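For reference, the structure is listed below as structure tokens.
The values are calculated or read from the model by the stated rules, or taken from the named source; none is laboratory data. Bear in mind that the values here come from a model prediction, so they are computed numbers and not experimental data. Methodologically, a virtual Cβ is constructed for each residue, glycine included, from the backbone with ideal geometry; neighbour enumeration extends over all protein chains shown.
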Amino acid sequence: MEIISKIFLENKAWAADKTNMDREYFNKLALIQEPDFLWIGCSDSRVPANEITNTEPGEMFVHRNIANVVDLHDINLMSVMQYAVEYLKVKHIIVCGHYGCGGIKAAMSNDSFGNMDVWLKKIKDVHAKHASEVDGIINEEDRLKKMVELNVQAGVHKIQSSELIQANPSIIVHGWVYDLHDGILHRIAGGETI
């Protein structure tokens, strides 16, 4: 329980720091949520959206799952997207993967992971679509990096083709990959010129 106590102590220190910098910080934060971005990222604890983009709470609406999979039949993801688009009026949707993703590595193996196999099948489907390109890469790390990128691209294309985005064409969908080794985001697909 010592580790839990530490979290609560750190929270109090963080809140005190924010209040010391701006006495009205939490009052302003509580009033309204107007993020410009919806971030669809991996659940990996090393990829915290606000921290790696240096954004403040309230600036980014976040949805995370294993390997940042975009599945248009996932009611959780689709509810988040609908809320972000229709109620929060986000202007950008970001699908962000990361190199060194355990979900991608698991999907590329022949191992069984129990209940996660259903989820990982979505990544296996991306691999099947691009098997000749991916399987031709000899170095395993490079092959996994390519799959991370292809998974992000697949997510971007699914979102762009969704009824929600088709009905809201001003929303820009971005595909990015975060590199754990240097902390830098890379543009892969979507709204930017690559």
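If the condition is being more than 18 Å from the chain's Cα centre (by Cα), surrounded by fewer than 16 Cβ atoms within 10 Å (Cβ to Cβ) and of a type in the set (A, V, I, L, M, F, W, C), then the range 140-184 contributes only Ala167. Look at (1) over 30 Å from Asp142 (Cβ atoms); (2) free of Cβ contacts under 8 Å to residues at least 60 places away in the same chain; (3) touching a Leu at 6+ places or on another chain (Cβ under 7 Å) and you find that Ala106 fails only one, number (1).
To keep it simple, each residue is scored yes or no on (1) in contact (Cβ under 8 Å) with a residue 12 or more places away in the chain; (2) under 28 Å from Gly183 (Cβ atoms); (3) exposed (fewer than 10 other Cβ atoms within 10 Å of the Cβ); (4) touching a His at 6+ places or on another chain (Cβ under 8 Å).
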| position | (1), (2), (3), (4) |
| --- | --- |
| Asn11 | no, yes, no, no |
| Leu31 | no, no, no, no |
| Asp36 | yes, yes, no, yes |
| Thr53 | yes, yes, no, no |
| Pro57 | yes, yes, no, no |
| Met78 | yes, no, no, no |
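Would you be able to say whether some residue in the range 138-157 is at pLDDT 95 or above and either hydroxyl-bearing (Ser, Thr, Tyr) or more than 18 Å from Tyr99 (Cα to Cα) (or both)? Yes, the conditions are met somewhere in the range 138-157. Asn68 meets the conditions (1) modelled with pLDDT under 95; (2) touching a Gly at 6+ places or on another chain (Cβ under 9 Å); (3) of a type outside the set (Phe, Trp, Tyr) in every case but one. The failed one is (1). Any chance the range 186-194 includes a residue that's over 23 Å from Leu38 (Cα atoms), surrounded by 20 or more Cβ atoms within 10 Å (Cβ to Cβ) and either of a type in the set (Lys, Arg) or out of contact with any Asp or Glu (no Cβ under 6 Å at 6 or more places or on another chain) (or both)? So far as the range 186-194 goes, no, none of its residues is over 23 Å from Leu38 (Cα atoms), surrounded by 20 or more Cβ atoms within 10 Å (Cβ to Cβ) and either of a type in the set (Lys, Arg) or out of contact with any Asp or Glu (no Cβ under 6 Å at 6 or more places or on another chain) (or both).
Considering (1) in contact (Cβ under 8 Å) with a residue 24 or more places away in the chain; (2) within 18 Å of Ile52 (Cβ to Cβ); (3) in a loop (DSSP other than H, G, I, E, B), the lone condition that Asp182 does not fulfil carries the number (1). Within the range 166-174, is there a residue that is in a helix (DSSP H, G or I) and more than 24 Å from Ser45 (Cβ to Cβ)? Scanning the range 166-174, I find at least one residue that is in a helix (DSSP H, G or I) and more than 24 Å from Ser45 (Cβ to Cβ), so the answer is yes.
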